[in-house]
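The values are calculated or read from the model by the stated rules, or taken from the named source; none is laboratory data. The structure displayed is predicted, hence computed values, not measured ones. Positions of Cβ are backbone-derived with ideal geometry, glycine not excepted, and every protein chain shown enters the neighbour counts.
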Amino acid sequence: MTNALPSILCVDDDTEVLDLLKEHLSLKGFIVLTATNGVEACLQVKRWAPRAVVLDLFVPRLGGLGTLTRIRSMSPDVAIVLLSDVPGALDLVVSAGLTVSAALTKPVDPQQIVDTLARAGVVPPADLAGSGSGRPGAMRVMLVDDEPRFRELLAEYLGAKGLDVMPVPSGEKALEKVGEFRPHLVLLDLLMPGIGGMETLRRLRANHPASRVIMVTAIEDLDTARKALATGAVDYLTKPFTLDYLDSVLAIHAPQPDEPGRDGTRAASADTLDEGVGVAGMSSLVDGTALGPQR
C-alpha cells in the first residue's frame with residue numbers, strides 16, 4: 001500500500017499508557033491513532049489502514065486475541081506489537097495460530113517499541129521526525145472540523161509536510177482564531193454543530209477575504225457545491241478523498257511565492273498554481289488512501 005500513511009495505532013484501555021506512547025511516537029515522526037478497546041481498534045484499522053498496531057493483550061471488548069484475529073483478517077501484512085502484563089504472551093498467540101512482529105512485557109520503554117517497529121520495517125520518513133508548526137514562511141492552513149480523529153490525523157499529515165496548521169473544532173473557534181492566525185487556506189467542514197460551515201464561510205469571506213476557503217463534506221451534492229462556491233469558497237472536497245488528491249488541491253490554491261503573509265513572511269507554495277475557482281472536490285476518488293469517513 002504505497003499511499004498508506006506512516007501511522008501507528010496504539011490500543012490500550014490505560015489512557016496513561018496511550019498518552020505516553022502517543023507523545024513518544026509523535027516525536028519520532030509517526031502519526032499516532034489510539035483506541036481503548038478492541039471494537040474501536042478494528043474500526044480504526046478499517047478506516048485508516050495503519051502501518052502498525054501496538055496492541056495490549058488484555059484490551060476490553062473482543063480481547064487482545066479476538067482483536068488480533070480481526071485485524072489480521074482486514075490487514076494481513078500490518079506489523080503488530082503485542083503488549084502484556086504477563087510473560088508467555090507470545091505462546092498464547094502461537095497457540096491461537098496467529099502471528100505478531102514481537103511480544104513485549106509491560107512496563108515497556110516506548111523507545112523499545114520504536115526499535116521493534118524499525119526491525120519490522122516500519123519507520124517514518126526522515127522528513128517527518130521532529131516536525132512542527134509555526135515555521136516562518138510556511139503556508140498557513142486552518143483546519144475546521146468537529147470530528148477529532150479526522151482533524152487530528154489531517155493536522156499531523158499537513159504539519160509533517162511543512163505546513164503551519166491550526167486545527168479547530170468549530171466554526172465559532174475558527175472565527176475567534178482566524179484574525180490571529182491569518183491562514184492562507186481554510187479547510188472548512190460543511191456539517192458542524194453551532195453556526196455550521198456555510199455561515200462560517202460567509203463570515204470568513206466578509207471579515208478575512210484574503211483567506212481562501214475550501215469546503216469539506218461527506219455530502220456529494222452539486223447544488224451545495226455551487227452554493228458554497230457562490231458564497232466565496234475556492235473549491236469543494238468530498239470525503240473520502242486521497243492524500244495525493246488533497247495535495248494537488250492545496251497546490252492549486254496555495255498563495256504565490258511573492259504573496260506576503262503574516263509578519264511580512266512569504267508563504268512557500270507549489271510550482272504549479274491556479275488562481276481560478278475550481279470544483280475539484282466534486283470528483284470523489286476511490287483509489288489510494290482515502291482520508292475522511294463517510295457520515
Unmet criterion (only one of (1) assigned to a loop (DSSP other than H, G, I, E, B); (2) at pLDDT below 90; (3) touching a helix residue (DSSP H, G or I) at 6+ places or on another chain (Cβ under 8 Å); (4) farther than 22 Å from Leu246 by Cα) for Leu92: (1)
Give the residue, chosen from Asp109, Asp85, that is over 28 Å from the mean Cα position of the chain (by Cα), modelled with pLDDT of 85 or more and surrounded by fewer than 18 Cβ atoms within 10 Å (Cβ to Cβ). Asp85
I'd like to check something: does the stretch 145-157 contain any residue that is modelled with pLDDT of 90 or more and closer than 16 Å to Ser211 by Cα? no
Which residue, of Ala103, Ala79, is under 24 Å from the mean Cα position of the chain (by Cα) and crowded, with 20+ Cβ neighbours inside 10 Å? Ala79
If I filter the stretch 131-139 for residues that are at pLDDT 90 or above and hydroxyl-bearing (Ser, Thr, Tyr), do I get at least one hit? no
Residue list for the stretch 228-248, filter: in contact with a Gly (Cβ under 8 Å, 6 or more places away or on another chain) and modelled with pLDDT under 85: Lys239, Pro240, Phe241, Thr242, Leu243, Asp244, Tyr245
Close pairs from the stretch 48-76: first not assigned by TED's automatic domain parsing to the domain that holds Leu33, partner assigned to a helix (DSSP H, G or I) and modelled with pLDDT of 95 or more, Cβ under 8 Å, at least 6 apart: none
Taking into account only those residues within the stretch 160-178 that are in a helix (DSSP H, G or I) and crowded, with 20+ Cβ neighbours inside 10 Å, which is modelled with the lowest pLDDT? Ala160
At least 1 residues that are β-branched (Val, Ile, Thr) and within 27 Å of Phe241 (Cβ to Cβ) in each: list the helices (runs of 4 or more DSSP H) lying fully within the stretch 8-86 that qualify. 38-48, 63-74
If you take the residues in the stretch 228-253 that are part of a helix (DSSP H, G or I) and either touching a Lys or Arg at 6+ places or on another chain (Cβ under 7 Å) or not assigned by TED's automatic domain parsing to the domain that holds Leu185 (or both), which one is nearest to Ala138 (Cα to Cα)? His253
Would you be able to tell me the number of residues in the stretch 220-250 that are closer than 26 Å to Ala160 by Cβ, of a type outside the set (S, T, N, Q) and out of contact with any strand residue (DSSP E or B) (no Cβ under 7 Å at 6 or more places or on another chain)? 3
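Residue-wise test of (1) in contact with a Gly (Cβ under 6 Å, 6 or more places away or on another chain); (2) part of a helix (DSSP H, G or I); (3) at pLDDT below 95.
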{"position": "Pro193", "(1), (2), (3)": "no, no, yes"}
{"position": "Gly197", "(1), (2), (3)": "no, yes, yes"}
{"position": "Arg205", "(1), (2), (3)": "yes, yes, yes"}
{"position": "Pro209", "(1), (2), (3)": "no, no, yes"}
{"position": "Glu220", "(1), (2), (3)": "no, no, yes"}
{"position": "Asp223", "(1), (2), (3)": "no, yes, yes"}
{"position": "Arg226", "(1), (2), (3)": "no, yes, yes"}
